[in-house]
Amino acid sequence: MRRSKYGVRKKSRHLFIGSMVCLFCFQAKGKTNVTSEVRASDRFSWSEHRKLSWEDFKGPSDGGSHESAAATCCSIGFKIDNTGTGDRKVTVYNTFYIDRSWVKEDARIGSILAHEQGHFDLCELYTRKLRERTAAIDVNAKDLKQQLMDIYAAVNDEYEARQQAYEYETTHGTDLPAQNRWERMIQRELTEAPQSI
């Protein structure tokens, strides 16, 4: 049995994940300047027709300072736009940051990529939850921004707790039966959650 520095063991053509750790970043807190600092070509939104590939992880790794194999940097945000009719429109979005997401060269393994996809799928799920909750408010209210920030804070707390639970229960993607359960659960929830309001 051979063990890499990430704990990947190979035996009889089967791949077992040992102590590999994965990170995710939270970037947005309502409308921020994070997206304005990143070129449009360095980010994209979630799509059911586009799964992550290792080509989407172009950020610099941490240089081996810890055992993390990969980091998915994605965020949920909203913006308020004025329409031509004098009303306001709230747009809720999610973003994957290519130049801030990274993978170590010797960690480009399908099961790790599936775990990273789970982080991005959770981001989409909570984007939909935020979109659903903001659809019920009066966009012309004087305290619109505060209402949105309050809703955002509540959804973001749920989102962060869910991401932490995903990491913990899958042991950072190394517990393959738990990882498979989470993948099925996330896909079921995405199927049930409305994409747009």
- Answer yes if at least one residue in the stretch 124-139 is closer than 23 Å to residue 193 by Cα, without any contact (Cβ under 8 Å) to a residue 24 or more places away in the chain, part of a helix (DSSP H, G or I) and in contact with a helix residue (DSSP H, G or I) (Cβ under 9 Å, 6 or more places away or on another chain), and no otherwise. yes
- Give the number of residues within the stretch 31-50 that are of a type outside the set (D, E, K, R), surrounded by 11 or more Cβ atoms within 10 Å (Cβ to Cβ) and modelled with pLDDT under 70. 4
- Note on the structure: Restricted to the stretch 140-162 and to residues being touching a residue at least 12 places away in the same chain (Cβ under 8 Å) and closer than 20 Å to residue 115 by Cα, the residue least open to solvent (accessible area, probe 1.4 Å) is 159
- Task: Restricting attention to the stretch 163-197, report how many residues are open to solvent by less than 40 Å² (accessible area, probe 1.4 Å) and among the basic types (Lys, Arg).
- Result: 0
- Task: List the number of the failed condition for residue 53; all other conditions in (1) open to solvent by 40 Å² or more (accessible area, probe 1.4 Å); (2) without any contact (Cβ under 8 Å) to a residue 60 or more places away in the chain; (3) small (Gly, Ala, Ser) hold.
- Result: (2)
- Query: Hey, among 154, 165, 178, which residue is in contact with a Ser or Thr (Cβ under 9 Å, 6 or more places away or on another chain), farther than 18 Å from residue 52 by Cα and at pLDDT 95 or above?
  - Reply: 178
- residue 8 meets each of (1) farther than 30 Å from residue 149 by Cβ; (2) of a type outside the set (Asp, Glu); (3) open to solvent by 20 Å² or more (accessible area, probe 1.4 Å); (4) at pLDDT below 95 with one exception, condition (3)
- Task: Just one of (1) part of a loop (DSSP other than H, G, I, E, B); (2) open to solvent by 50 Å² or more (accessible area, probe 1.4 Å); (3) modelled with pLDDT of 90 or more trips up residue 85, so point out which.
- Result: (3)
- Note on the structure: All-but-one check, residue 130 against (1) under 15 Å from residue 80 (Cα atoms); (2) in contact with a Lys or Arg (Cβ under 7 Å, 6 or more places away or on another chain); (3) buried (at least 20 other Cβ atoms within 10 Å of the Cβ), failing number (2)
- Item | Looking only at the stretch 105-120, and only at residues there that are open to solvent by less than 60 Å² (accessible area, probe 1.4 Å) and over 15 Å from the mean Cα position of the chain (by Cα), the one that is nearest to residue 173 (Cα to Cα) | 111
- Item | Tally, over the stretch 89-104, of residues that are in a strand (DSSP E or B) and surrounded by 15 or more Cβ atoms within 10 Å (Cβ to Cβ) | 9
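The values are calculated or read from the model by the stated rules, or taken from the named source; none is laboratory data. All values derive from a computational prediction rather than experimental measurement. Don't worry about glycine lacking a Cβ; one is built from the backbone with ideal geometry, like all the others, and counts go over all protein chains shown. SASA here: full protein model, heavy atoms, side chains in, ligands and nucleic acids out. Shrake-Rupley method; radii C 1.70, N 1.55, O 1.52, S 1.80 Å.
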